[in-house]
Number of protein chains: 4
Amino acid sequence: MTHSVLSPAEIASRLTDSRLKDWQYQDGFLTKHFVFKNFQQAVGFWVQTALVSESLNHHANWSGVYNRISIQLQTHDAQGITELDLKWALAAEKILASLVV
Amino acid sequence: MTHSVLSPAEIASRLTDSRLKDWQYQDGFLTKHFVFKNFQQAVGFWVQTALVSESLNHHANWSGVYNRISIQLQTHDAQGITELDLKWALAAEKILASLVV
Amino acid sequence: MTHSVLSPAEIASRLTDSRLKDWQYQDGFLTKHFVFKNFQQAVGFWVQTALVSESLNHHANWSGVYNRISIQLQTHDAQGITELDLKWALAAEKILASLVV
Amino acid sequence: MTHSVLSPAEIASRLTDSRLKDWQYQDGFLTKHFVFKNFQQAVGFWVQTALVSESLNHHANWSGVYNRISIQLQTHDAQGITELDLKWALAAEKILASLVV
């Protein structure tokens, strides 16, 4: 499946979606920094996003320490941001909404 | 560390703790059935309880399918219910309270 | 996607596949009992099978304690064993083969 | 429990341990880059190190994408490398040794 690269204007427009609060387009990536209650909750979130990655067959860059996780999304093949990245971000937000942070 | 086995009366008394809602003493185990929003949330919960098991060095019996997980607790060495089982159950409830199920 | 139910003879034939060592057809389920080095390894295996479940959109029944995990597979919709169950079992065996148990 | 900060000479000496292959002392952190067979295996490894973090009550900095994970260790409280970091690294190596990468 081919995914078209979104233009900066299209990305900016998509990020006005209230479900994508605090996601930013930066250095070619869609990025968000998450802060959780504690380490356990961060691990629980991260494992759930791993399930998302597998079901979308699309994998994020991630980094973290203790209760903090940062995510960077990009469609490597397309060398830009595509619908796949937005789908991943929306799925992560759905998981976040299921947590009492 | 040795843990004393609690008597059935002590167990019954401890299970009146409102934080231990729906836990039952059955066939020598402390048991609860959990139902989650979906598979992802069940996995997130389960992984967090694995962290609890590791930090308490006390491991539950578990079973599940899709969005359902059942837990059975017993202190194998002591052949009964001890404080360790109650600690595990309370930690699991704290995780549950951090989820929007 | 519809999956046809395999007959007991077809199941027996498929289970002669050397990659499906120790899988049994029992009470309407494909079943295997796994024993791992320790709790950590069991958790690592289980989480990887959760990724398989998500990518196949097919979920196993599982149970376990400490370093032991039992899996029961069935295609609920089809009320029997289908190709989906065999795919899941083969994926689990691939994960197992990547562990030093 | 207080942990003494190791001197650069002590760290260099400890890193000659053959079990700590490819760990480096860099910018104040003990660091290693891991490459796994695939995403599943990376997730399995990462979750197991989360169990280590919880049982040592000591948490690594981590980052990754797909089948790659980088770990950075430091004892934040002590503002340096301590026995805790070496324990974590040795535990991670034990997990790595249980995988066919």
Scanning for something under 18 Å from D:Gln48 (Cα atoms), buried (at least 21 other Cβ atoms within 10 Å of the Cβ) and at the interface with chain D (Cβ under 10 Å from one of its Cβ atoms), does region A:55-64 turn up at least one residue? yes
Exactly one of C:Val47, C:Val100, C:Val52 is loosely packed, with under 15 Cβ neighbours inside 10 Å, modelled with pLDDT of 95 or more and within 14 Å of another protein chain (Cβ to nearest Cβ), and that residue is C:Val100
Scan region A:65-97 residue by residue and report those that are within 14 Å of chain D (Cβ to nearest Cβ) and among the hydroxyl-bearing types (Ser, Thr, Tyr). A:Tyr66, A:Ser70, A:Thr75
Quick check on region B:25-48: of everything there that is of a type in the set (S, T, N, Q) and part of a strand (DSSP E or B), which residue is nearest to B:Gln79 (Cα to Cα)? B:Gln26
Can you tell me which residue in region C:30-44 is surrounded by the fewest Cβ atoms within 10 Å (Cβ to Cβ), limited to those that are in contact with a strand residue (DSSP E or B) (Cβ under 9 Å, 6 or more places away or on another chain) and facing chain D (nearest Cβ under 7 Å)? C:Lys37
For region A:57-91, which positions are more than 26 Å from D:His76 (Cβ to Cβ), without any contact (Cβ under 8 Å) to a residue 60 or more places away in the chain and within 12 Å of the chain's Cα centre (by Cα)? A:His58, A:His59, A:Leu73, A:Gln74, A:Asp85, A:Lys87, A:Trp88, A:Ala91
Scan region A:66-82 residue by residue and report those that are touching a strand residue (DSSP E or B) at 6+ places or on another chain (Cβ under 8 Å) and either buried (at least 18 other Cβ atoms within 10 Å of the Cβ) or not in a strand (DSSP E or B) (or both). A:Asn67, A:Ile69, A:Ile71, A:Gln72, A:Leu73, A:Gln74, A:Ile81, A:Thr82
What is the number of the single condition among (1) part of a helix (DSSP H, G or I); (2) on the phi > 0 side of the Ramachandran plot that A:Asp22 does not meet? (1)
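The values are calculated or read from the model by the stated rules, or taken from the named source; none is laboratory data. Everything numeric here is computed off the predicted structure, so don't read it as measured data. No Cβ is skipped: glycine too gets one built from the backbone with ideal geometry, and neighbour counts run over all protein chains shown.
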